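Input: a single structure, listed below in structure tokens.
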2 protein chains.
Amino acid sequence: MSLLQHIKSLIEVSDALEMQFSNMIQLQQHKKGTTLISPVQTCNYLYFVKTGVIRGYYYCDEKEITNWIAKENEFGTCFYSFLKSIKSTEYIKCIEDCELEMISFNDLQKLYNKFPVTEKLGRVILEDYYLKLEERLLSIQFKEAKERYLHFMTNKPDLLNRVPLGYIASYLGISQETLSRMRAS
Amino acid sequence: MSLLQHIKSLIEVSDALEMQFSNMIQLQQHKKGTTLISPVQTCNYLYFVKTGVIRGYYYCDEKEITNWIAKENEFGTCFYSFLKSIKSTEYIKCIEDCELEMISFNDLQKLYNKFPVTEKLGRVILEDYYLKLEERLLSIQFKEAKERYLHFMTNKPDLLNRVPLGYIASYLGISQETLSRMRAS
């Protein structure tokens, strides 16, 4: 699905707005392993994954921690950097060859001002991501490693074969050894 | 600050919209200890704390866990229940005598439809709460108990004297004994 199709599934898009989107959305193709953002930069773009998988990660005590993984039809960005226009705390990298559609923070603000209907888009997308984040917080705080793994397996089974195990382990907050043992059992 | 004043600090409010808000916002006064929502109910209201403190909590393995605390000028609700119109997973209770301004989910949807500018309100408030939630997730995952306590002390020093220690401990994901030791040291 293209970003425009995704947007059309959420709000009504007039011809004028569609033209505006077409002018603002940038399509980029990146090879697996490409770094899109690193902590010295400000993350000015909201990425929409058309094909492929990207992930956001950072280092904590020299350990690499995957903070989020976005696949087809999902958004990814370093929200903190993007929303506050400050330096990113994360790296964003392509896990596979990717086709990404991107919209810049400045263009998004212009859209909000010129087409109030896009405010709804912002709200609806944020509601969805807020609920997912809350779910993840509760899961990390209170669910056993096994439960977290099963939840991931149920909700994102395809990612198990597309994303290196180590990334999934740190995303779930469990060690790679434990995760390997779970997969084998 | 009243909810209307808070809203006016975020978006432009026309006379027509102000009148609509006045009709929709309900003011309630509750005694300390009052239960506003329990898990058998759907949480149909977004609460804005005019005075007092409220908290959301739930039980996990028979242990009470404080999920959020909202004081003056902050919003509180069981977001999952509110946004999805499903049964709450949380209790919401007044920690102090409270004056609360409330707006119902249905009224909010009417507002979004009738006054598109309120979509911006929804987006801006959600952006703020999203960033706070992400910060909390990272803090629970990767910061030491001591760091989490110091962060809370720096950002919400007044709550330390207003909220029972046990609530703060479970909110921070540390035991009450550890928290007491930190406070004493």
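The values are calculated or read from the model by the stated rules, or taken from the named source; none is laboratory data. In this text, all values refer to a predicted model and were calculated from it rather than measured experimentally. Cβ coordinates were reconstructed from backbone atoms using ideal geometry, including for glycine residues, and neighbour counts include every protein chain displayed.
So here's what we get for this one:
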read-out: Region B:48-74 - residue that is small (Gly, Ala, Ser) and away from chain A (no Cβ under 14 Å) and, of those, nearest to residue B:27 (Cα to Cα); value: B:52
read-out: Test: residue in region A:93-106 that is surrounded by fewer than 14 Cβ atoms within 10 Å (Cβ to Cβ) and at pLDDT below 95; value: no
read-out: Options A:146, A:114; residue that is under 30 Å from residue A:16 (Cα atoms) and charged (D, E, K, R); value: A:114
read-out: Among residues of region B:17-50, those that are over 21 Å from residue B:129 (Cβ atoms) and free of Cβ contacts under 8 Å to residues at least 60 places away in the same chain, counted; value: 9
read-out: Of the criteria (1) touching a strand residue (DSSP E or B) at 6+ places or on another chain (Cβ under 8 Å); (2) away from chain B (no Cβ under 14 Å), which one residue A:151 fails; value: (1)
read-out: In region B:149-175, the residues that are buried (at least 17 other Cβ atoms within 10 Å of the Cβ), small (Gly, Ala, Ser) and farther than 21 Å from residue A:130 by Cβ; value: B:169, B:170
read-out: Positions within region A:118-148 being surrounded by fewer than 17 Cβ atoms within 10 Å (Cβ to Cβ) and facing chain B (nearest Cβ under 7 Å), in sequence order; value: A:131, A:142
read-out: Unmet requirement for residue A:34, which otherwise passes all of (1) surrounded by fewer than 21 Cβ atoms within 10 Å (Cβ to Cβ); (2) among the polar types (S, T, N, Q); (3) in contact with a Cys (Cβ under 7 Å, 6 or more places away or on another chain); (4) closer than 26 Å to residue B:124 by Cβ; value: (4)
read-out: Odd one out for residue B:178 among (1) out of contact with any strand residue (DSSP E or B) (no Cβ under 8 Å at 6 or more places or on another chain); (2) crowded, with 18+ Cβ neighbours inside 10 Å; (3) in a helix (DSSP H, G or I); value: (2)
read-out: Flag if residue A:44 is under 19 Å from the mean Cα position of the chain (by Cα) and farther than 16 Å from residue A:95 by Cβ; value: yes
read-out: Exclusive hit being under 19 Å from residue A:172 (Cα atoms) and polar (S, T, N, Q), set A:44, A:67, A:23, A:73; value: A:67
